[in-house]
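The values are calculated or read from the model by the stated rules, or taken from the named source; none is laboratory data. Computed from a prediction, not measured in an experiment: that's the story for all the values here. Methodologically, a virtual Cβ is constructed for each residue, glycine included, from the backbone with ideal geometry; neighbour enumeration extends over all protein chains shown.
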Amino acid sequence: MITYRENENLSFEEYYDFLKRSDLGGQYPKERFEERIRRLLVQRSIAITARNDEGKLIGIAFGITDFVYFLFVTDLGVDRTYAKQGIGSELLIRIQDAVGGADDITVVTVAHETAAGFYEKCGYVSEDCLFWKPCQLWGEFKVT
């Protein structure tokens, strides 16, 4: 059985271990990695975690939100061992519900091209008018 929790505090060590077991570990830049992850774990607006029967972290959804109109999902990941079991889509539903629900909250994310099909299956629409300005320090990095 999977247990979902809202705004659970995670240690850097536990999250780092999770990143090694998920594809999310290739999303972050190498520059000041530990410092930035530690800030992420404290400063995100909303977090939903998924744990297995043994309490092991197997999924996360992090976001920033105004709790009125918009939620930007910054991080969504599932342990590769648990992929294709509906955990990612459940995390998306739960994070939207936690900040106001589908009637009020529009969800936005920037997805890796390999995840486009997943988001489409979840009912997300790709838009051409998304604008973004990446930070200057973003060296390729894979958590191992």
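Among the residues of region 7-21 satisfying the criterion of being without any contact (Cβ under 8 Å) to a residue 40 or more places away in the chain and of a type outside the set (D, E, K, R), which is surrounded by the most Cβ atoms within 10 Å (Cβ to Cβ)?
PHE12
Looking only at region 72-81, count how many residues are closer than 15 Å to THR109 by Cα and either free of Cβ contacts under 8 Å to residues at least 40 places away in the same chain or in a helix (DSSP H, G or I) (or both).
The total comes to 3.
In region 13-71, what count of residues is obtained for those that are in contact with a helix residue (DSSP H, G or I) (Cβ under 8 Å, 6 or more places away or on another chain), under 17 Å from THR144 (Cα atoms) and in a loop (DSSP other than H, G, I, E, B)?
Residues meeting the conditions: 3.
How about region 49-71: which of its residues are under 14 Å from the mean Cα position of the chain (by Cα) and more than 17 Å from THR106 (Cα to Cα)?
Those that are under 14 Å from the mean Cα position of the chain (by Cα) and more than 17 Å from THR106 (Cα to Cα): THR49, ALA50, LEU57, ILE58, GLY59, ILE60.
Looking at ARG39, ARG44, ARG51, which one is exposed (fewer than 15 other Cβ atoms within 10 Å of the Cβ) and either touching a strand residue (DSSP E or B) at 6+ places or on another chain (Cβ under 9 Å) or not polar (S, T, N, Q) (or both)?
Among ARG39, ARG44, ARG51, only ARG39 is exposed (fewer than 15 other Cβ atoms within 10 Å of the Cβ) and either touching a strand residue (DSSP E or B) at 6+ places or on another chain (Cβ under 9 Å) or not polar (S, T, N, Q) (or both).
Given (1) free of Cβ contacts under 8 Å to residues at least 12 places away in the same chain; (2) among the basic types (Lys, Arg); (3) not in a loop (DSSP other than H, G, I, E, B), where does LYS84 come up short, assuming only one miss?
LYS84 satisfies all of (1) free of Cβ contacts under 8 Å to residues at least 12 places away in the same chain; (2) among the basic types (Lys, Arg); (3) not in a loop (DSSP other than H, G, I, E, B) except (3).
Going by the structure shown, is ILE2 in contact with a strand residue (DSSP E or B) (Cβ under 8 Å, 6 or more places away or on another chain) and among the β-branched types (Val, Ile, Thr)?
yes
Does region 119-131 contain any residue that is hydroxyl-bearing (Ser, Thr, Tyr), at negative phi and touching a residue at least 12 places away in the same chain (Cβ under 8 Å)?
Yes; the residues of region 119-131 include at least one that is hydroxyl-bearing (Ser, Thr, Tyr), at negative phi and touching a residue at least 12 places away in the same chain (Cβ under 8 Å).
Within region 91-132, can you find the residues that are assigned to a loop (DSSP other than H, G, I, E, B), modelled with pLDDT of 85 or more, hydrophobic (A, V, I, L, M, F, W, C) and under 16 Å from PHE70 (Cβ atoms)?
ALA102, ILE105, VAL110, VAL125
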